[in-house]
Ligand code: HEC
């Protein structure tokens, strides 16, 4: 049955039936159910959460978040192999003579090292890399090892985990190419003089 109230609202009787009996300070409320689309969306999120837990979560047929993470890390490690630390002095010394490699190394140095060692290697927070005094050994393989493992307690980061193997070799070649370049205002020598 379709009736109208005095203001012309349709289904006056039907809406009247929806009034909740309880009255608060003389005010009555409609029983106003959420629209169907809203309820369906809400139910959908609950169903999705159950499926999600069983597939991605630690329980159920999914591999679990931890395995998922390990998987991603394995893929990343495969795509970015860490330097193995076995590189021959001959290879590094040949790279020092290769303009292209030294140039690439210089780009890495600008990005990662210059903030502490200065672009010309004259030293700032980190020591002067252009003189023949070395704290951790001045043979090119020593330099490679220092850069790879860092000196964490002194504030020199371990670059072996951050750079690709070839980047590490290039940046070491760049450092070696700075030997004896005598930049202006260098940091005083630190460590023991080494003849390469
Ligand atoms: C956050 C600052 C910082 C950054 C960035 C940094 N270093 Fe260092 N580096 C140091 C400090 C400090 C030392 C001195 C360690 C010590 O006293 O034992 C050092 C030492 C070194 C040494 C050994 C010097 C010696 O006398 O034996 C080399 C080689 C070196 N750094 C190369 C690099 C290269 C290459 C990069 C970039 C890939 C780099 N550093 C980035 C702070 C830094």
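The values are calculated or read from the model by the stated rules, or taken from the named source; none is laboratory data. None of the values given here were measured: they were computed from a predicted structure. Neighbour counts run over all protein chains shown; Cβ positions are idealised from the backbone, glycine included.
A few points about this structure:
Residue-wise test of (1) touching a helix residue (DSSP H, G or I) at 6+ places or on another chain (Cβ under 6 Å); (2) surrounded by fewer than 16 Cβ atoms within 10 Å (Cβ to Cβ); (3) assigned to a strand (DSSP E or B).
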position: 143; (1), (2), (3): yes, no, no
position: 148; (1), (2), (3): yes, no, no
position: 153; (1), (2), (3): no, yes, no
position: 163; (1), (2), (3): no, no, no
position: 167; (1), (2), (3): yes, no, no
position: 185; (1), (2), (3): no, yes, no
position: 188; (1), (2), (3): no, yes, no
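- Residue match in the stretch 137-153 (condition: more than 9 Å from the ligand (Cβ to nearest atom), farther than 19 Å from residue 105 by Cα and under 28 Å from the mean Cα position of the chain (by Cα)): yes
- Residues in the stretch 117-141 that are in contact with a helix residue (DSSP H, G or I) (Cβ under 7 Å, 6 or more places away or on another chain) and assigned to a helix (DSSP H, G or I) were compared, and the one that is nearest to residue 179 (Cα to Cα) is 140.
- Among the residues of the stretch 92-114, just one is within 21 Å of residue 189 (Cβ to Cβ) and out of contact with any helix residue (DSSP H, G or I) (no Cβ under 9 Å at 6 or more places or on another chain), namely 114.
- Selection count, the stretch 98-141, where residues are exposed (fewer than 13 other Cβ atoms within 10 Å of the Cβ) and within 13 Å of residue 169 (Cα to Cα): 1
- Failed item, numbered, when residue 100 is tested on (1) part of a loop (DSSP other than H, G, I, E, B); (2) at pLDDT 90 or above: (1)
- Residues of the stretch 161-178 that are under 18 Å from the mean Cα position of the chain (by Cα) and within 10 Å of the ligand (Cβ to nearest atom): 162, 163.
- Pairing each residue of the stretch 150-164 that is closer than 16 Å to residue 175 by Cβ with any residue that is within 6 Å of the ligand (Cβ to nearest atom), provided the two are 6+ apart or on different chains, yields C-beta distances under 6 Å for 150/156; 150/157; 159/147.
- Selection status of residue 117, more than 25 Å from residue 73 (Cα to Cα), in contact (Cβ under 8 Å) with a residue 12 or more places away in the chain and in contact with a strand residue (DSSP E or B) (Cβ under 8 Å, 6 or more places away or on another chain): no
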